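Participant: Have a look at this one before I ask anything.
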Number of protein chains: 4
Amino acid sequence: MGDSSDVLDFIRGINNLVPFNRRCGMEVISAEPGSVTLEMPWSGDSAQYSGFLHAGIIGALIETTCGFAAVTVAGRVLATHYSVSCLRPAVGERFVARAHVVKPGKTQVFTSCELYAVRQGSEKLVATGQALLVPVSSSEA
Amino acid sequence: MGDSSDVLDFIRGINNLVPFNRRCGMEVISAEPGSVTLEMPWSGDSAQYSGFLHAGIIGALIETTCGFAAVTVAGRVLATHYSVSCLRPAVGERFVARAHVVKPGKTQVFTSCELYAVRQGSEKLVATGQALLVPVSSSEA
Amino acid sequence: MGDSSDVLDFIRGINNLVPFNRRCGMEVISAEPGSVTLEMPWSGDSAQYSGFLHAGIIGALIETTCGFAAVTVAGRVLATHYSVSCLRPAVGERFVARAHVVKPGKTQVFTSCELYAVRQGSEKLVATGQALLVPVSSSEA
Amino acid sequence: MGDSSDVLDFIRGINNLVPFNRRCGMEVISAEPGSVTLEMPWSGDSAQYSGFLHAGIIGALIETTCGFAAVTVAGRVLATHYSVSCLRPAVGERFVARAHVVKPGKTQVFTSCELYAVRQGSEKLVATGQALLVPVSSSEA
């Protein structure tokens, strides 16, 4: 891919094609080769039963941002494994996920992500995660 | 908890309180002490960009079903870690997640889950996952 | 590979080539296409500071047995990711690890393993784990 | 714990009590509240069958260093879950593992680790990992 604004446009274009991401209000804030930042506003629709952000959506945010980071270096990819550590109750007006590529590769791309809850302007780390993605070109039919 | 129908009612009650689960159409099919089965219909809203089930929703289904299985033995819990292996493209008319408690405990409950895609009546294993949950009574304020 | 005894011989041959496995006393008990069982005697040399089996060796046993299971279906492989859940203190006269292939594949082989401690003839599940392996033929130089 | 040299002495003391760590030649290079660095020389005894560092020992190094980092903030702990990403073949004269506490807690301590291979004086990141540890005081009998 070309310069940074091309990368950002490209990732935003993909994000807009994914119904689930749109439904959750996920927005691509920045994207450059090897790293992507995603934001999502809090919504009562995304709650688990205690009123915190649902751990399933925490994982979806992490997996999505990791996937986009992998796309910036490897084109189309599929997630084959990811893990999520929920460090603290995820409570905030919005959530910011920052992912980067730890190690690119032809058969596997390793990525890592940190998820922050933003509350009255200050960020708190609420979850971390890692994802392993396979470029579609090298995956099985 | 009392007999199996009490457990099923209890887990269904929680599921109905979770906006995200309702929005996705998650339904509790069975629940007994130590194991829970959840079902979710396919919906275009749950797609990633290739038209398969979004890996984030795969994880949410696994994490949710694991959490419910833990609830049947430990009461209210919070997920602190989970991991998801996406074995095959998740394509089907509906998805069935079966979770069970691997090891209960006062401070940590270990659970495991298998996710099947149902297509024209036949099931195919599409993902597996594990979740670690902490009973709320023993978690930190 | 040919019949089951060929597979067993082949896996035993690899195990004997690995200094760490020999040093720990790891022995291949059974091997057939898709599944392998490994055994290791307890030794004071394998203790962590409480006298239980060291969590690092628990992981090594799980990773090794998963790797061997992958070899039975995919030839030479490299582990790229694995995870270990330590369910209970691992105390026993010997340890038995049983791994199987969950999903084979040209670029990734998914495996799973259960580790049992044997004490006075009875087995207890003490740890579980998953490993993702890449056939060397498809890995990067 | 008191000042940094007390912490270093304390962690070194534990390390010396663990037979497996001694056998592998693991040495505590630095330790302060929340972070620990461990070193291990290469040895043919630690090889897997291609001559790289055995993935099981990679995990053991990561788990051990994470555990020590947790000890600096939480006293005696037990690892309940850890995961290992093997990014590149681990080849070097020695290996340096750097772990830090991501989030301390009364019931769970989250840690993260990076493992570097040192070759002719230059370091290369070869693996990453995360471990979840439970303070013994809050674990089950």
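Participant: Which of B:Ala60, B:Ala131, B:Ala74 ends up with the largest GNM mean-square fluctuation for chain B, with Cα atoms connected below 10 Å?
Facilitator: B:Ala60
Participant: Taking each residue of A:57-67 in turn, how many C-beta atoms of other protein chains fall within 10 Å of its C-beta, and what is the average? Mind dumping the intermediate values first?
Facilitator: Numbers: counts 6, 6, 13, 9, 1, 2, 10, 4, 0, 1, 5.
Partner Cβ neighbours, averaged per residue: 5.
Participant: For helix B:4-17, report the angle its Cα long axis makes with the longest principal axis of the Cα atoms of chain B; keep it between 0 and 90° and round to the nearest 10°.
Facilitator: Relative to chain B, helix B:4-17 is tipped by roughly 70 degrees.
Participant: Give me the percent relative contact order of chain A, please, defined on Cα pairs under 8 angstrom at least 6 residues apart. Write out the running numbers ahead of the final one.
Facilitator: Working: 318 pairs, mean separation 31.9, N = 141.
Normalised by residue count, the contact order of chain A is 23 percent.
Participant: Can you check what the net charge comes to around D:Val73, using other residues whose Cβ is under 13 Å from the Cβ of D:Val73 (Lys, Arg +1; Asp, Glu -1)?
Facilitator: Details: positive: D:Arg76, D:Lys103, D:Lys106; negative: D:Glu32.
Result for the local shell: +2.
Participant: Please build a GNM for chain C, connecting alpha carbons under 10 Å apart, and tell me which residue among C:Leu53, C:Leu115, C:Leu61 fluctuates the most.
Facilitator: Highest fluctuation among the options: C:Leu53.
Participant: Continuing with this model, one more query. So, in nm, how far is label D:Arg119 from label B:Asp45 when the simple model puts each one 7 Å beyond its Cα toward the Cβ?
Facilitator: About 5.2 nm, to one decimal.
Participant: To the nearest 10 degrees, how steeply does helix A:55-74 sit against the main Cα axis of chain A, on a 0 to 90 scale?
Facilitator: On a 0 to 90 degree scale, this one is about 30.
Here, each number is a calculation from the coordinates, and none is a lab measurement. Just so it is clear, the structure is predicted and the values come from calculations on it, not from any experiment. Here Cβ is always computed from backbone atoms with ideal geometry, including for glycine, and neighbour counts include all displayed protein chains.
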